[in-house]
Amino acid sequence: MSILVVGSAALDTVETPFGSVEDALGGSAIYFSAAASYFAPVNLVAVVGDDFPREQIEFLKKKNVDFSGLEVANGKTFRWGGKYGFDLNERDTLFTHLNVFEKFEPKIPDSYKNSEYIFLANIGPDLQMDVLKQIQAPKLVALDTMNYWIGGNLPALRETLKRVDVLIINDSEVRQLANEANLVKASKIVQEMGPKTLIIKKGEHGALLITRNSFFWAPAYPLEIIYDPTGAGDTFAGGFMGYMARSDDISIDNLKRAVVFGSAMASFCVEKFSLERLKNLSDEEIRTRFKEFWQMTNFDPNV
Ligand code: AMP
C-alpha cells in the first residue's frame, strides 16, 4: 500500500551543542518520506521555490518516493531556523520564513486520489481538510499539528479532527488541545473530538499509544550522542505509517509494532544532522534496532 503525505519541504538552519548546518534539507514531508520509504512507496505533496537544490532529493527518488505532487513555485523555498541547548527536548525557533509556503494550496494529483494511508503533516488545519476532501476512501488518516494551530485556529482543527483516525502529537499539545493537565483525561477528551487513537510523543522519554481501551508505551532508544533532534517527530510518523501501510493491518498489536518502528526510525534521525543518517540505512540495521526495543521493554512477569 502506498502512502500520501502532505507537508513542508524546507531548508533548515540548525544549531545544536554539537555543531550547525545552514540551509540543509528538511521539512516535515521530507523527513516523513525518508523514513516511510524504507517500508512502503510514498507519494509526496509539497511546495518548494525555484531556489530548491533538487539534487538533494535524488536519494529519495531512488527510494520509492514519487514527487509528481511537488510544486515548484516562483520564489524562495520555506526556511526554518532552530537552536537547541543541552536539553535537546527544548528548542528555540530562530526564524520561520514561509516564502512560497505561505500561498501553498495542496493539489492532489489524480493518481494519488485513491490513496489509503494518509499523513497530514503539520500544516494549517484548513489545508489538511482540503486534502481530505480530495481523497476518495482513505483507510487510515493520521495527523500532526502544533501549538500554533491549536491556539490560532482551533475551530478549523476541530472540524478536521472529526475525520482523523490517529493523532500524532506531543504531550504539551494534547494538554493544550483538551484544556486538561492530566494526560489520561486529556486523551479521552481528544478522542471525543474524532481520533480514536492518539500517539503522544514525549521526546527523549518515548511515545505513548492510547486507544479506546489500551495503553502502550515505547521508550526512546538510549543514545549516547544526539547530534540534531530536528525532524525526529516526522521521522517517527514516517516509520509508524510506513509499517502500517506495508502490513496493511490496523489491529492493536500491529499499531504497537508500528509505534516501535517509528521510535526506531526517530532514533536514527537524531544521530546526524539533517537527513544524513536516514539516507543509507539497511533493512538489517532497522530490524536490529526494532528488536533491541523488544529486549529493552520485555521482562519476565513471573515473581
Ligand atoms: P520536528 O522536529 O519533527 O518538529 O520537525 C522539524 C521540521 O519541521 C523542520 O525540518 C522544519 O523545516 C519544519 N517546520 C518547522 N516549522 C514549521 C511550520 N510552521 N510548518 C511546517 N513545517 C515546519
Is it true that Asp234 is open to solvent by less than 50 Å² (accessible area, probe 1.4 Å), within 20 Å of Leu44 (Cβ to Cβ) and of a type in the set (Asp, Glu)?
yes
Could you list, in sequence order, the residues of the range 84-102 that are over 15 Å from Ala232 (Cα atoms), in a strand (DSSP E or B) and of a type in the set (D, E, K, R)?
Asp92
In the range 47-69, the residues that are among the hydrophobic types (A, V, I, L, M, F, W, C), within 15 Å of the ligand (Cβ to nearest atom) and either closer than 20 Å to Lys103 by Cβ or loosely packed, with under 12 Cβ neighbours inside 10 Å (or both)
Val47, Val48, Phe52
So which of Phe268, Phe273 is among the hydrophobic types (A, V, I, L, M, F, W, C) and open to solvent by 20 Å² or more (accessible area, probe 1.4 Å)?
Phe273
Assess whether Thr93 counts as being at pLDDT below 95, within 12 Å of the ligand (Cβ to nearest atom) and either under 22 Å from Asp228 (Cβ atoms) or crowded, with 18+ Cβ neighbours inside 10 Å (or both).
yes
Single unsatisfied condition, Leu88 versus (1) touching a Pro at 6+ places or on another chain (Cβ under 7 Å); (2) more than 25 Å from Thr211 (Cα to Cα); (3) surrounded by fewer than 17 Cβ atoms within 10 Å (Cβ to Cβ):
(3)
For the range 213-303, give me every one of the helices (runs of 4 or more DSSP H) that falls completely inside it and has 1 or more residues that are of a type in the set (Ser, Thr, Tyr), at pLDDT 95 or above and within 16 Å of the ligand (Cβ to nearest atom).
232-247, 252-269
Out of the residues in the range 182-205 meeting the condition of being under 21 Å from Gly85 (Cβ atoms) and surrounded by 16 or more Cβ atoms within 10 Å (Cβ to Cβ), tell me which one is modelled with the highest pLDDT.
Lys201
Hey, Lys133 more than 16 Å from the ligand (Cβ to nearest atom), touching a residue at least 40 places away in the same chain (Cβ under 8 Å) and of a type in the set (Lys, Arg) or not
no
Is it true that Arg289 is open to solvent by less than 60 Å² (accessible area, probe 1.4 Å) and under 15 Å from Pro222 (Cα atoms)?
yes
Being within 13 Å of the ligand (Cβ to nearest atom) and of a type in the set (S, T, N, Q) is the filter; apply it to the range 1-46 and report the residue that is farthest from Val65 (Cα to Cα).
Thr16
Among the residues of the range 4-39, count how many are of a type outside the set (S, T, N, Q), buried (at least 20 other Cβ atoms within 10 Å of the Cβ) and not in a strand (DSSP E or B).
12
Consider the range 206-231. How many of its residues are among the hydrophobic types (A, V, I, L, M, F, W, C) and open to solvent by 20 Å² or more (accessible area, probe 1.4 Å)?
8
Taking the criterion of being basic (Lys, Arg) and touching a Gly at 6+ places or on another chain (Cβ under 7 Å), would at least one residue in the range 148-162 satisfy it?
yes
Quick check on my filter: what residues within the range 46-60 are acidic (Asp, Glu) and not in a helix (DSSP H, G or I)?
Asp50, Asp51
Every residue from the range 100-124 that is within 12 Å of the ligand (Cβ to nearest atom) and of a type outside the set (A, V, I, L, M)
Phe101, Glu102, Phe104, Asn122, Gly124
Which numbered condition Trp80 fails, given (1) open to solvent by less than 70 Å² (accessible area, probe 1.4 Å); (2) outside any strand (DSSP E or B); (3) within 26 Å of Ile225 (Cα to Cα):
(2)
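The values are calculated or read from the model by the stated rules, or taken from the named source; none is laboratory data. For clarity, every value in this text was computed on a predicted model and none was experimentally measured. In this analysis, Cβ positions are derived from the backbone assuming ideal geometry, glycine residues included, and neighbour counts consider all displayed protein chains. These accessible areas exclude ligands, DNA and RNA; they are computed on the full protein's heavy atoms, side chains included. Shrake-Rupley method; radii C 1.70, N 1.55, O 1.52, S 1.80 Å.
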